[in-house]
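**Q** I have a structure here, written as structure tokens, and I will follow up with some questions on it.
The values are calculated or read from the model by the stated rules, or taken from the named source; none is laboratory data. These figures come from a predicted structure and were not determined experimentally. Positions of Cβ are generated from backbone atoms using ideal geometry, with glycine treated the same way; all protein chains shown enter the neighbour counts. For the accessible areas, the whole protein counts, side chains as well, though only heavy atoms, and no ligand, DNA or RNA atoms are used. Shrake-Rupley method; radii C 1.70, N 1.55, O 1.52, S 1.80 Å.
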Amino acid sequence: MSSVRSAGRITVVAAVAGAVALAGIVLFWWLPDSTVELAGIVLTLGLAVVGVRVGGSIADSVFPGYDVAEVAVEGPITRDGGGGGLPSSPRGTGADDVVSEIERADASNAEALIVRLNTPGGQVVPSEDIRLAAAEFDGPTIAYATDVCASGGYWIASGCDELWAREASIVGSIGVVGSRVNASELADKLGLSYEGFTAGEYKDAGVPLKEMDDDERAYLQGLIDDSYAHFVERVSEGRGLDPEFVRETEARVYLGSDAVENGLVDELGTREAVEERVADRLGREDVAVEEFEPSRSLVERMGTGARGVAYAFGAGLAGLVDRGGNGFRFRL
């Protein structure tokens, strides 16, 4: 397939460039005036250069140099790629950017999609948006976990046809956590007091400068329980897993070698093995992969490379959502 594409691209470029050059010769060289002939030579050369560029563009559309697209989800999953609620957390790829690249790949000549995952998780809705985009791609989709595929990363993987990982990949963390800092005693020592003016009984539930009552705890726990039930439903439906089994994982993380045994991962393999699997699903001997990625500055690329596995353990699903700005941190 790759040799056919290459030959086709070369043929198209050569044909367009030759046609443009011939047109220049006919228009300028055959005219009797010597000045015109000289100008014609210059113009013909210029037209030939333009023809090569135009031919290259046509060749790219008719004979693309790839048949498989790859997008990467790296770092904490947030709407804009910021580090989420942890000041020290690294910057990741914005969910909107990832969705745009998947949609661009779907509109191109890509026949299959690889979603490369190296993320400890993130915010709920951005994770769901990426999952939906992968699920709606018109062709086979394979998620590939490199270092970490936890929580929001696993949520995204549930929208793909298969999930591959390495033996030492960290996979799982299907759970939810909510947290708040209780600074009420410290405020008392400093002579500070909290006085809230709210409309709605639970508007300031979780504010760190006041003690929570039982009703507020029950309310916030209910939000966490509902989100967890939604998480379990998404994973069990997308991955074909029993909901009770998903709950029994108790938000543990697993090495890839263990995850493939308990069914959280479909196959273990290298990147080359993933490409072979994609080729098999497309019914051909090999494939050419093109990475679709948004434009990013050098500083952003360096920041993304600073992720560590320890962050995945410490943050769980790392996107932090401030519920109404009241100090209660909600990680799904």
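**Q** Taking only protein heavy atoms into account and a 1.4 Å probe, give the accessible area per residue of the range 207-279 in Å².
**A** 55
**Q** Now, a different point. Check residue 291: other-chain or 5+ apart residues with amide H under 5 Å from its amide H, H built from backbone geometry?
**A** So residue 291 has HN proximity to 70.
**Q** What ranking do 266-272, 74-80 get when scored by the average of other Cβ atoms within 10 Å per residue, highest first?
**A** 74-80, 266-272
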